[in-house]
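The values are calculated or read from the model by the stated rules, or taken from the named source; none is laboratory data. Predicted model only: the values in this text are computed from it and were never measured. Cβ: placed from backbone, ideal geometry, glycine included. Neighbour counts: every protein chain shown.
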Amino acid sequence: MVHIRDYQGKRIHLIGIGGSSMSGLAAMLLDKGYRVSGSDRDNGYLIGDVRAKGAEVFIGHRAENVHGADLVVYSAAVPAENPERQEADRLGIPSMERAYLLGQLMDGYNKAVGICGTHGKTTVTSMLSQMLLENGMDPSIHIGGVLDAIGGSVRVGHSDIFVSEACEFNRSFLHMNPTVAVVTNIEEDHLDCYKDIEEIEETFGQYLRLLPEDDGVAVGNGDDPRVRRQIEKLSCGKVFFGMGKENDWYPENLEEDIRGYARFDLACRGKIITHVQMGVPGDFNVMNALAALAAADVIGLPAEKAAESLERFIGAHRRFELTDTVDGVEIFHDYGHNPKEMQNAISIARKRCRNGKLWAVMQPHTFSRVRTLFNEYLTCTALADHTLVTDICAAREKDPGDLNSGMLVEGMRKNGIDAVWTPSFDDTEKYLREHWQSGDLVITMGCGDINLLNAQIHRHELEKR
């Protein structure tokens with residue numbers, strides 16, 4: 001079995017280096033003294049960061065990019081027919097999937113925290129990371145996003161704590177070695193690699209069974225019956241969080257201001273521990289906060305100290321992030337890419353947009369997700385006044401030819417939603433500028449490259465000045 005420790009000081013080549021996880025792993029490898037190169041299909045927004053840290057990055061996948069590499073790492077989205085993977089095989093260069101690398105980097109930490117779930121894992125990882133950092137616990141961190149508190153997506157610490165997202169796509173998290181596992185929820189998604197929700201739940205159960213029986217701890221959403229069912233099967237430690245008092249951690253006296261920012265008394269097993277004031281809006285972020293608080297307690301950080309960080313936590317980038325104000329219109333971006341996540345983002349935007357119109361701009365992500373969750377897409381923007389839908393972001397998939405955004409728009413209109421198909425970013429920006437009014441709010445949503453629309457609008461404003 002190939003292990004990263006055997007390649008200290010050598011050249012590691014990452015295929016898909018511009019991804020949120022891969023770019024972070026590249027930075028971590030560089031910090032640990034490895035030489036790093038990589039490639040990606042497009043010159044995405046994280047490419048500049050890894051180049052600035054010292055990686056050599058090629059745009060486009062070509063066989064010669066791996067020449068001279070000692071080890072090749074590829075993301076799960078990179079197929080076997082990729083020319084760089086094929087060339088590595090031809091030359092006999094050892095290779096491994098991204099999840100193996102992450103698992104190996106985490107191996108050996110006494111407190112290895114893997115945070116998984118269909119929604120919320122980046123936010124919970126970010127919340128917990130900020131709590132630990134602000135309290136001097138010096139963790140190593142791997143986040144599938146960018147957090148200002150750590151200056152990026154990774155941090156190399158010097159304690160026995162490693163905090164990381166654990167992604168269920170392609171069963172990647174089964175290659176990790178957690179001692180603490182946090183599960184935010186279990187819902188339908190990634191049905192391109194899972195048969196159904198039952199198989200998804202069982203795979204989360206497999207991940208939980210990686211925990212050591214003697215000192216491992218599972219921290220789970222006790223309001224989610226699938227999460228509770230899988231955790232109850234374990235013989236290791238169990239901690240539940242949720243809105244209901246049957247959980248170990250839950251809120252009392254929960255209130256929310258007009259913009260959706262919550263405050264509550266944090267209760268643990270019937271006793272009020274401390275007061276919490278949220279720095280990010282939304283009831284789903286209350287659940288994220290409860291997950292982070294429960295995990296912090298397991299690691300050894302008192303809830304009173306952990307709660308203080310939540311008021312200062314303003315979120316990771318691409319999570320309801322204000323990117324610009326143009327013509328009196330606030331423009332936000334959110335990474336939400338399945339209907340439930342988009343619905344959550346719009347619920348926050350609706351509370352913030354009180355005097356104008358709310359514009360939801362959706363970039364559907366992958367044909368397989370659109371096909372399997374088609375009906376959910378048709379109503380998830382119902383709280384918005386207007387919905388614009390760009391072309392589907394294919395990402396790792398090929399266009400099957402029988403599915404497009406026009407079909408989504410048609411279904412949305414049948415459900416009473418004012419929806420328009422604006423295929424390209426240029427089409428979308430033109431439509432917005434022709435129709436928005438001062439006081440409106442625009443939120444773009446997706447985990448593809450829809451954030452580049454926000455950057456495009458910003459660039460065009462700068463060019464006017």
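Taken together, the criteria place Ala77 among residues that are of a type in the set (Gly, Ala, Ser) and modelled with pLDDT under 95. The set of residues in segment 306-335 that are in contact with a Phe, Trp or Tyr (Cβ under 9 Å, 6 or more places away or on another chain) and among the small types (Gly, Ala, Ser) comprises Ala316, Gly328.
Can you name the residue in segment 125-143 that is surrounded by fewer than 22 Cβ atoms within 10 Å (Cβ to Cβ) and touching a residue at least 24 places away in the same chain (Cβ under 8 Å) and is also farthest from Gly18 (Cα to Cα) among such residues?
Residues of segment 125-143 surrounded by fewer than 22 Cβ atoms within 10 Å (Cβ to Cβ): 133-138.
Next cut, touching a residue at least 24 places away in the same chain (Cβ under 8 Å) only: 134-135, 137.
On the way: Glu134: 29, Asn135: 31, Met137: 29 Å.
The selected residue is Asn135.
Determine the pairs where a residue that is more than 14 Å from Glu168 (Cα to Cα) and in the same structural domain as Asn288 (by TED's automatic domain parsing), located within segment 199-222, has a partner that is surrounded by fewer than 23 Cβ atoms within 10 Å (Cβ to Cβ) and of a type in the set (D, E, K, R) with Cβ atoms under 7 Å apart, the partner being 6 or more residues away or on another chain. Matching pairs, first to second residue: Ala218/Lys238; Gly220/Arg228; Gly222/Arg228; Gly222/Glu246. Scanning segment 154-185 for residues that are part of a loop (DSSP other than H, G, I, E, B) and over 10 Å from Gly114 (Cβ atoms) yields Val156, Gly157, His158, Ser159, Asp160, Glu168, Thr184, Asn185. Just one residue in the set Asp49, Asp42 is loosely packed, with under 14 Cβ neighbours inside 10 Å and either touching a strand residue (DSSP E or B) at 6+ places or on another chain (Cβ under 7 Å) or over 20 Å from His142 (Cα atoms) (or both); that residue is Asp42.
For segment 138-153, the set of residues classified as within 17 Å of Val124 (Cα to Cα) and either at pLDDT 90 or above or in a strand (DSSP E or B) (or both) consists of Pro139, Ser140, Ile141, His142, Ile143, Gly144, Gly145, Val146, Leu147, Gly152, Ser153, listed by residue number.
Of all residues in segment 154-174 being touching a helix residue (DSSP H, G or I) at 6+ places or on another chain (Cβ under 7 Å), surrounded by fewer than 21 Cβ atoms within 10 Å (Cβ to Cβ) and modelled with pLDDT under 90, which is farthest from His337 (Cα to Cα)?
Val156
Of the residues making up segment 410-431, those that are of a type in the set (A, V, I, L, M, F, W, C) and closer than 21 Å to Thr379 by Cα are Met412, Ile417, Ala419, Val420, Trp421. Just checking, does segment 389-402 include any residue being among the acidic types (Asp, Glu), modelled with pLDDT of 95 or more, assigned to a helix (DSSP H, G or I) and buried (at least 16 other Cβ atoms within 10 Å of the Cβ)? No; the residues of segment 389-402 include none that is among the acidic types (Asp, Glu), modelled with pLDDT of 95 or more, assigned to a helix (DSSP H, G or I) and buried (at least 16 other Cβ atoms within 10 Å of the Cβ). With respect to the conditions (1) touching a strand residue (DSSP E or B) at 6+ places or on another chain (Cβ under 9 Å); (2) at pLDDT 90 or above; (3) not in a helix (DSSP H, G or I), Gly33 lacks only one, and its number is (1). When residues in segment 304-322 are screened for being modelled with pLDDT of 90 or more and in contact with an Asp or Glu (Cβ under 9 Å, 6 or more places away or on another chain), 7 of them pass.
Restricting Tyr100, Tyr194 to residues that are surrounded by fewer than 21 Cβ atoms within 10 Å (Cβ to Cβ), assigned to a helix (DSSP H, G or I) and of a type in the set (Phe, Trp, Tyr) narrows the list to Tyr100.
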